[in-house]
Structures are given as C-alpha cells and as structure tokens.
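Chemist: The structure under discussion is supplied below as structure tokens; questions concerning it will follow.
Quick note: the coordinates plus some simple rules give every number you see, no bench work behind them. The structure displayed is predicted, hence computed values, not measured ones. Every residue, glycine among them, receives a Cβ derived from its backbone with ideal geometry; neighbour counts consider all protein chains shown.
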Amino acid sequence: MTTVTLRDLTEEDRERLHVWRNSPEVAAYMYTDHHISRAEHNRWFDGLSADPRRRYWVIETDGKPVGLANLAEIDPSHSRCAWAYYLADPSVRGLGVGSFVEFWMIEHVFGALGLNRLWCEVLISNEAVWKLHQSYGFQREALFRQHVMKNGQYQDVVGLGLLAEDWPALRPALKARLEAKGYQVD
Ligand SMILES: CC(C)(COP(=O)(O)OP(=O)(O)OC[C@H]1O[C@@H](n2cnc3c(N)ncnc32)[C@H](O)[C@@H]1OP(=O)(O)O)[C@@H](O)C(=O)NCCC(=O)NCCS
C-alpha cells in the first residue's frame, strides 16, 4: 500500500519547487509558461510564510516528494478558499495519488479550517483534472472564455466549486472508492 502525506514546506524544498515549476510536465498545466528565474522563484518562495491567504504542502508518496498542493485566496470573511495541485513526477500519475489529494484537501478545508466553500480553476484542455474534481463533487460553475494565454493562444478556463453542505452525502462513496484503490483515510 502506498502512503500519501501532505507536509509543510521546508527550506530544502526551495530548489525542488523551482525545478518542478519550470519542468515541461508541470508548466504545461499552469497559467504562465515563461521560464521562472531563480530571483523570481526566490521572491515567491520567500513571500509564502508571511501570507495568511496562502498555504502550501509538498505531496509525498512513501516519503518521496512528488508534487505540490496549495490553498489560495483563503478568505475568512466569505468562508472560502481556492486550491490547486500538481504531481510533478509523471511516474506517480494514474496510481490514485490525485484522488487521495482531492479527498484530503476537501476534508482539511471543511474540517480543520471550517470553511464553507472550496473552488478552483482549471484549463479546459486539462480534462483529466476537471473531471477528477467533478468526480469528487465539484460542480462546474463557470466557463471563463479566452481567460488565459498559453503558448501564444487563448484558452478557456473552467471554474468549479464544492460546498461544505454537499460533502457529507458525497463522502462515504468517495472514501470507499479510495479504499478500493488501496488508500487508507480516517
Ligand atoms: C490529473 C492528475 C492530477 C490526476 O492525478 P492521478 O494521481 O494521476 O489521478 P488518479 O490516479 O487518482 O486517478 C483519478 C481518476 O482520474 C483518471 N485519470 C487520471 N489521469 C487521467 C488522464 N490523464 N486522462 C484521463 N483520466 C485520467 C483516472 O482514471 C481515475 O479515474 P477513476 O477514479 O474512475 O479510476 C495527474 O494524473 C496528472 O495528469 N497530473 C499532471 C497535471 C497536473 O498535475 N495537473 C494539475 C494542475 S492543477
């Protein structure tokens, strides 16, 4: 059985995240695709700890760092936040790690953080991800037309959202699905 954990960032992740974010396997799914310089990366990394609106975790499988998950725009006044994640290492894709991260993040946001709404944006071309979100109960709420310029071409972006009140009814079947894939959740 593979163990997936999400842990806080450490200084050792500074270089790792720079390499991941510039890799074609990750940059292809991000809004910006220019090469990120060390200085730009360092400004971003150094700004994380002081920003209460953002949280980042390194995703590990059996203790090996394989990806990054984050919350953004954490907004207590509206009781909501956005999220995103990537699996940088293609060798761990298709094994259920993404499913585990979906479940973990939903539980964290509605449980530990006690927020009411979790939302995200996904490039329409990234069908695997928005379908995965939908399978975890996210509803497609928006289509932002020509929202992002990727490789010199406009791309549409799908907006999805999940409400805390919808999660209890969804949770048992999704927990069972994860367990069937060999992942243990509480
Ligand atoms: C899409 C992605 C994040 C899913 O994570 P994963 O660990 O590979 O997903 P899982 O193994 O948990 O699979 C979840 C479901 O999605 C399906 N799926 C996964 N990758 C898929 C793909 N490329 N195309 C179609 N379906 C896919 C699986 O068949 C599975 O379906 P099931 O639950 O009915 O069995 C990952 O495969 C991926 O492509 N990462 C690169 C892009 C990325 O990181 N995007 C995020 C940007 S926010």
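Chemist: So what is the 222 nm mean residue ellipticity for the chain from helices alone, if each DSSP H run of at least 4 adds -39500 (n - 2.57) and you divide by all residues, rounding to the nearest 500 deg cm²/dmol?
Modeler: Estimated from H runs of four or more residues: -9500 deg cm²/dmol.
Chemist: Among 76-82, 161-167, how do they line up from the highest to the lowest mean number of other beta-carbon atoms within 10 Å?
Modeler: In decreasing order of mean packing, 76-82, 161-167 become 161-167, 76-82.
Chemist: Largest first, please: the extent of the C-alpha atoms of segment 1-142 along each principal axis, to the nearest Å.
Modeler: Reported extents, whole Å, longest axis first: 36, 35, 31.
Chemist: Follow-up. What distance in nm separates the simple spin-label points at D75 and Q153, each placed 7 Å from Cα in the Cβ direction?
Modeler: My value for the distance between the label points is 3.2 nm.
Chemist: Between S91 and S135, take the C-beta separation as r, use R0 = 25 Å, and let me know the FRET efficiency to the nearest 0.05.
Modeler: Efficiency computed from Cβ-Cβ geometry: 0.65.
Chemist: For D8 and Y31 in one chain, what is 0.36 nm times their gap in residues minus the Cα-Cα distance, to one decimal in nm?
Modeler: Gain in length upon complete extension: 5.9 nm.
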